[in-house]
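Visitor: First, the structure itself, so that you have it in front of you.
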Amino acid sequence: MSGFDRAVALVAACLLGVSSALAQTSAASGAIDATAPVCEHTCLRALNRQMSQLYRAELARTQGTIGERRLIHAQNLWRRYTNADCMFRLGPQRTGGPDWVTQEDSCLAAHVQRRITALQGFDDCRRHGNCPAIGPVWGGGAP
């Protein structure tokens, strides 16, 4: 299995909540699953890689247009919002330990999954010609 295939399989497992299901199964059996935080972090890393690839592809498509600047600005604001939202939901890490980190990874992963869907939507709307903002916003020609 190639590295790309492993990454796709890992992202699919994350999207299906396999790591959460594994953690719940081990918790229900009374066993302590030391790999749960690692699974959550691994899923988050795989999702971040996928999001980064989609973002870079969109950035390349909008290069040299006002859409490029808008996309960079939107991505920066999205990152700030995501971090602030997870901090609001979880509060600051006071006691430490893997529980807080696992919860943070889960929160961030949920945001990244939604961002991946949005970035995929940019490409989908362009292919189908039904983008809400046609023209210089997405690097296309005039309507």
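Visitor: Give the accessible area for Cys43 in Å² (nearest 10); use a 1.4 Å probe, count only protein heavy atoms, and leave out ligands, DNA and RNA.
Guide: 10 Å²
Visitor: Taking K and R as +1 and D and E as -1, what net charge do the other residues with C-beta under 9 Å from the C-beta of Asp123 add up to? Intermediate values should be presented prior to the final figure.
Guide: Working: positive: Arg61, Arg126, Arg127; negative: Glu58, Asp124.
Residues near Asp123 contribute +1 overall.
Visitor: Return the FRET efficiency for the residue pair His128, Arg80: r is the Cβ-Cβ distance, R0 is 30 Å, and the value is rounded to the nearest 0.05. Kindly include the intermediate steps, with their values, before the conclusion.
Guide: Values: r = 31 Å, r/R0 = 1.03.
Step by step, r from the Cβ atoms, then E = 0.45.
Visitor: Next up: Spelling out what I want: for every residue of region 41-51, take phi, set θ = phi - 60°, compute 6.51 cos²θ - 1.76 cosθ + 1.60 (Karplus), and round to whole Hz; glycine and proline get x.
Guide: 5, 5, 4, 4, 4, 5, 5, 4, 5, 5, 4
Visitor: Here is a further query. Could you calculate the contour length gain from Gln93 to Arg69, that is, 0.36 nm times the residue separation minus the distance between their Cα atoms, to one decimal place in nm?
Guide: Working: separation 24, 0.36 × 24 = 8.64 nm, distance 3.41 nm.
Here the segment from Gln93 to Arg69 would lengthen by 5.2 nm.
The values are calculated or read from the model by the stated rules, or taken from the named source; none is laboratory data. Owing to the predicted nature of the structure, the values given are computational and were not obtained by experimental measurement. Cβ sites come from the backbone with ideal geometry, for glycine too, and all protein chains shown count toward neighbours. Heavy atoms of the whole protein, side chains included, go into the accessibility calculation; ligands, DNA and RNA do not. Shrake-Rupley method; radii C 1.70, N 1.55, O 1.52, S 1.80 Å.
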